[in-house]
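Let me begin by presenting the structure, written as structure tokens, before commenting on it.
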Amino acid sequence: MVTESARRHSMPRFHLLQHSVCTALAILLAAFLLAGTAMAATTTPAFADEPAAPSVQWVEKGSRIYCKVDGVAQKGGLRTINGKAYLFDKKGRQLTGWHKVGKHYRYFTVANKAKGAMVTGKVVNGVKLDKQGRAVLNDQTKAELKVLAKATAFVERNTKPGWSQKKKLRACFNLLRDKYSERAFRGFSSKSGWQRAFALDIFNKKSGSCHSYAAAFAYIANAIGCKSCKVVSSGGHSWAEADGKVYDPEWAKHCRVDLFAFPYARSGQGGTPGYKNARTYVVTIAPRTKALGGKASTASSRFAGKRGLVKMDGARYYVQNGKAVKKQWKTVKGAKYYFLANGKAATGPAKIKGAWYVFGQNGKLLTGKKTRLVKVAGDTYRVTKSGRAKAGWDSAKVRRFAENGQMMTGTAVVGEKFYAFSAKGRYNAAKTKQLRSAARIDGDAAPLLKLLGSPQKRTYSASCYQMTDADGNSILGDDGRLVYPHFTVFTFKADNGVEYYRGVEAR
């Protein structure tokens, strides 16, 4: 029989054991819960805040490239894919090269699929792209981009993205040779920008002269991806040059020799022009892409310790922060100077943003209280009070001044017309009439050349021009280029020995 005392002593042991078990279970449960919470804390956020990577599918269909992102077709403008911008037309076709997107020209690497992204912060074809990929425009770049974009569109229409560079070049060459017509909308002129005017004949009118074909193909080759593209002319005939080879689709219309990637070493063979020795005018299409900045300038070491207007090696510079300023106006002690792209102060006549100004030999802009005549290095110029050149006739119609303000003397050319002046600049109406009477297009050049006298230089090269005689027979010959001090005369020297006048251009 258990006594009351024994019962009182045994009950606490039981409750103690029960309490211990409950405590242990509670500790285990708490530990489990803490572990779960910790696991959730370390694993959940890593996935909750990261969206799944988009599914990008590039597809080549027919002759074009298309793209889908998460099953949605990309089309109708700029689209960002994996952090890079791409361009698609309304049908979803990928576009590369130069394109005008909204108000801005942009450039997309000429490559397929993911490699054909928008370029930013670089210089392409001489055009600077800002950090948003927008072309920085001025009159020069705006005119150039118009032609570059036309060339890009031509290539996209007539080639497939998967073709090799050579196959694209061949397709475009054959198309120009076989499908485009010949028509001379204007005579040759080497005036700045001539290559653009001729190229647009082909891109806008599907027709043109040899100069048009040459210029257009040079831009086309650049759009396809050739590294060095040039428009080359003798003055009478022009051709394209891509990576050192001749491309002449216009002459190829009339020649059995394939003038696609034609080597200069074979010039003159098989009825081909003498390309090698006729490279009189050469315009380089600005190269494709290069990073902004380039090599470090050595100017800082050259001008170290100098500041302001500095005279060095016979030229004047303006130094700021150890470097010569470029393409900038500066005023020093009331006198205005303009510093050219090489850092030197302009002297004599200088064209700045489309306008001509006249500077003294010391670099000072020749301003005054009124329009006046000034002398620089022995030549006479007419300038306004602001220092700008004033072209045209004087009030008495006795003297005429060129575009750069220089007074004309001797024989001069304005607008492809001859003028005659005395050594002191007085207009000679009688001799002017003689010159113009002798300068008849396709007329015998002998009377004119007698009046002009001997040129400084005379060159001839194979011509694509053909004349016909009284019986309708073709007359073949060479293009002549006769260089005088202020102008160049172009002729056609026929195989029958007669030299015909073809035009004149001011130098």
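A compact table of results
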{"item": "Pair list, Cβ < 9 Å and 6+ apart or interchain, from the stretch 495-507 residues that are at negative phi to residues that are assigned to a loop (DSSP other than H, G, I, E, B) and β-branched (Val, Ile, Thr)", "result": "Tyr500/Ile441; Tyr501/Ile441; Arg502/Ile441"}
{"item": "Candidate set: the stretch 100-113, residues that are touching a helix residue (DSSP H, G or I) at 6+ places or on another chain (Cβ under 7 Å) and part of a strand (DSSP E or B); chosen: the one surrounded by the fewest Cβ atoms within 10 Å (Cβ to Cβ)", "result": "Lys100"}
{"item": "Identity of the residue in the stretch 241-263, in contact with a strand residue (DSSP E or B) (Cβ under 9 Å, 6 or more places away or on another chain) and in a loop (DSSP other than H, G, I, E, B), that ends up surrounded by the most Cβ atoms within 10 Å (Cβ to Cβ)", "result": "Asp248"}
{"item": "Qualifying positions in the stretch 340-367 - in contact with a strand residue (DSSP E or B) (Cβ under 8 Å, 6 or more places away or on another chain) and among the small types (Gly, Ala, Ser)", "result": "Gly343, Ala345, Ala346, Gly348, Ala350, Ala355, Gly360, Gly363"}
{"item": "Which listed residue is surrounded by 14 or more Cβ atoms within 10 Å (Cβ to Cβ), over 22 Å from Tyr281 (Cβ atoms) and in contact with a strand residue (DSSP E or B) (Cβ under 8 Å, 6 or more places away or on another chain), from Arg481, Arg502, Arg436, Arg440", "result": "Arg436"}
{"item": "All positions within the stretch 57-78 that are touching a Ser or Thr at 6+ places or on another chain (Cβ under 9 Å), assigned to a loop (DSSP other than H, G, I, E, B) and among the charged types (D, E, K, R)", "result": "Asp70"}
{"item": "Subset of the stretch 341-373 that is of a type in the set (A, V, I, L, M) and crowded, with 17+ Cβ neighbours inside 10 Å - its residue that is nearest to Asp139 (Cα to Cα)", "result": "Ala350"}
{"item": "Matching residues in the stretch 154-181 - criterion: being over 21 Å from Glu250 (Cβ atoms) and touching a residue at least 24 places away in the same chain (Cβ under 8 Å)", "result": "Glu156, Lys160, Pro161, Gly162, Gln165"}
{"item": "Residue list for the stretch 302-323, filter: aliphatic (A, V, I, L, M) and in a strand (DSSP E or B)", "result": "Leu309, Val310, Met312, Ala315, Val319"}
{"item": "Members of the stretch 385-439 that are of a type in the set (Val, Ile, Thr) and either part of a helix (DSSP H, G or I) or closer than 21 Å to Leu365 by Cβ (or both)", "result": "Thr432"}
{"item": "Residue count for the stretch 201-218, restricted to those that are buried (at least 24 other Cβ atoms within 10 Å of the Cβ) and either out of contact with any strand residue (DSSP E or B) (no Cβ under 6 Å at 6 or more places or on another chain) or in the same structural domain as Asn125 (by TED's automatic domain parsing) (or both)", "result": "4"}
{"item": "Near pairs, Cβ below 9 angstrom, 6+ apart or cross-chain, from the stretch 108-121 (farther than 16 Å from Asp89 by Cα) to any residue that is exposed (fewer than 14 other Cβ atoms within 10 Å of the Cβ) and of a type in the set (Gly, Ala, Ser)", "result": "Gly121/Ala291"}
{"item": "Among residues of the stretch 490-502, those that are over 29 Å from the mean Cα position of the chain (by Cα), part of a strand (DSSP E or B) and of a type outside the set (Ser, Thr, Tyr), counted", "result": "5"}
{"item": "Residue in the stretch 79-89 that is surrounded by the fewest Cβ atoms within 10 Å (Cβ to Cβ), counting only those that are part of a strand (DSSP E or B) and out of contact with any Leu (no Cβ under 8 Å at 6 or more places or on another chain)", "result": "Thr80"}
{"item": "Helices (runs of 4 or more DSSP H) (entirely within the stretch 124-226) containing at least 3 residues that are over 28 Å from Asn112 (Cα atoms)", "result": "194-205, 210-224"}
{"item": "Condition check for Ala291: modelled with pLDDT under 95, on the phi < 0 side of the Ramachandran plot and under 16 Å from the mean Cα position of the chain (by Cα)", "result": "yes"}
{"item": "Ser189 vs. criteria at pLDDT below 95, more than 21 Å from Cys67 (Cα to Cα) and surrounded by 15 or more Cβ atoms within 10 Å (Cβ to Cβ)", "result": "yes"}
{"item": "Single residue of the stretch 452-468 satisfying the filter (without any contact (Cβ under 8 Å) to a residue 12 or more places away in the chain and over 24 Å from Phe418 (Cα atoms)) that is surrounded by the most Cβ atoms within 10 Å (Cβ to Cβ)", "result": "Gln466"}
{"item": "Options Gly126, Gly116, Gly97, Gly92; residue that is at pLDDT below 90 and surrounded by 14 or more Cβ atoms within 10 Å (Cβ to Cβ)", "result": "Gly126"}
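The values are calculated or read from the model by the stated rules, or taken from the named source; none is laboratory data. It should be emphasised that the depicted structure is a prediction, and the values quoted were computed from it without experimental measurement. Glycine also receives a Cβ, built like all others from the backbone with ideal geometry; neighbour counts cover every protein chain displayed.
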